[in-house]
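Everything on this sheet refers to the single structure shown next.
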Amino acid sequence: MRFLTITLIAHAPDPVTGVRKSTQQRFREVIDHALLAEELGFDGFGVGERHERPFISSAPPVVLSHIAALTRHIRLFTAVTTLSLLDPVRAYEDYATLDHLSGGRLELIIGKGNGAAQRELFQVTPEDQWDRNAESYELFRTIWRQDKVTYAPRFRAPLTEAEVWPRPLQQPVRVWHGSATSRESVDLAARYGDPLFSANVTNPVAPYAELVRHYRERWAHYGHDPALAAVGAGTAGYYAARTSQQALAVYRPIFEGRLAFQKRLGLEPVFLTLEDFVERSSALIGSPQQVIEKVHRYHEQLGHSVLHLHADGDGLTDAQHRDSLELFQSDIAPVLRRDIPDPPWPWGPATPLDGTAPLDGTAPAAPADAAPAPTAAAR
């Protein structure tokens, strides 16, 4: 199993202290958390993309490029790239550039995004958002693979023998499809033989497990080898301590602060008590053994081989946040890595910008996208 830490770069008051950091402080915190993830041995670091309050993650290629310059091994994820809102040609240019600057460490998680404010900002409607997402992805992946592209889309100007530069380093980049509530994203992933990343954060596991089962059914329907299907999954929160009592005591004011914030926003919380949150959500709160057992229970439902934790402390002190992540790597990750298989492709080290030798001295990484090409029916 592989492990990421991910941030959506929410810019909101601390759920315990009520203090909101400045925008610059918040970005500095994101960079520090990326460096911490690499230091502690996490496999990836992800940055979300949102175009509405309270998030300031509107430019993930910029943030990830800065992180790429400061790190050497950790893979860099988007979580998610909102292709339904973007010009796929411009998105390709940004991410092909980032692919080179990172030495081929880029992985994309794409999705349509959600939220009325950002749809209005980009003049996308609920009726056309899925069609935009599918069309943008088809054009994006075509540009990544072909030096010249002729394409007649619905939602942007046509391309005729168009050349888009720079050409990417990875041939091709691996693209995951973010899945939260709908079958459209699941079917798109299965159609193209791409891995799926389940949000798995808002509700109990049942609806997410249903979508994953549908993904595997559609994967087989499109003619792909079932052994090559891969799933990642999120978590609703993480804090581990040596005992469950310690973990609950530290996390209780964080949960209560979040609950109060949701109510102020007029949202209807799914979990009304910390005990219910720990029991029925995907949150990993407790002792190392409790966390291990819960990941196994979720793996039985989802069959996932990649797991993400929140990169942000979000109510924890810096010391509590670091101690908990260190405990994950020392006591939890080794067991899960032993018990749960990796995705069905080489994770591989990054390559340096000059392409002469891998950064860590090992053999060069295999191409990032080991999933099969779509069948004729899928095209």
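Quick notes on this structure:
- Rg/Rg_ref, the chain, where Rg_ref = 2.2 N^0.38 Å and atoms are Cα: 0.96
- Length-normalised contact order of segment 142-255 in % [C-alpha pairs under 8 Å, at least 6 apart]: 19 percent
- Packing-based ranking, highest mean first, of 39-46, 118-125 given that Cβ atoms within 10 Å are counted: 39-46, 118-125
- Taking the helices alone, the chain has a mean residue ellipticity at 222 nm of -12500 deg cm²/dmol, built from -39,500 (n - 2.57) per DSSP H run of at least 4 residues and averaged over all its residues.
- Listed by chain and number, the lysines placed with their C-alpha closer than 26 angstrom to that of residue 263 are 21; residues fewer than eight positions away on the same chain are left out.
- Taking the longest Cα principal axis of the chain as reference, the axis of helix 183-192 is set at about 50 degrees.
- Nearest-ten-degree value, helix 288-302 long axis tilted from longest Cα axis of the chain: 40 degrees
- Sparse-neighbour loop sites [GluC sites (Glu not before Pro); segment 155-259; at most 11 other C-beta within 10 Å; DSSP]: 163
- Compared with the dominant principal axis of the Cα atoms in the chain, helix 60-70 is inclined by about 80°.
- Neighbour-count ranking [beta-carbon atoms within 10 angstrom, fewest first] of 47, 201: 201, 47
- For segment 8-143, the gyration tensor built on C-alpha atoms gives an oblate shape. Its axis ratio a/c (a ≥ b ≥ c) is at least 1.5, and a/b is not larger than b/c.
- Mean Cα-pair separation over length for segment 2-339, i.e. relative contact order, pairs under 8 Å, 6 or more apart, %: 18 percent
Values in this text are rule-based calculations from the coordinates and carry no lab data. Just so it is clear, the model here is predicted, and its values are computed rather than measured. FYI the Cβ positions are ideal-geometry reconstructions off the backbone, even for glycines, and counts take in every protein chain you see.
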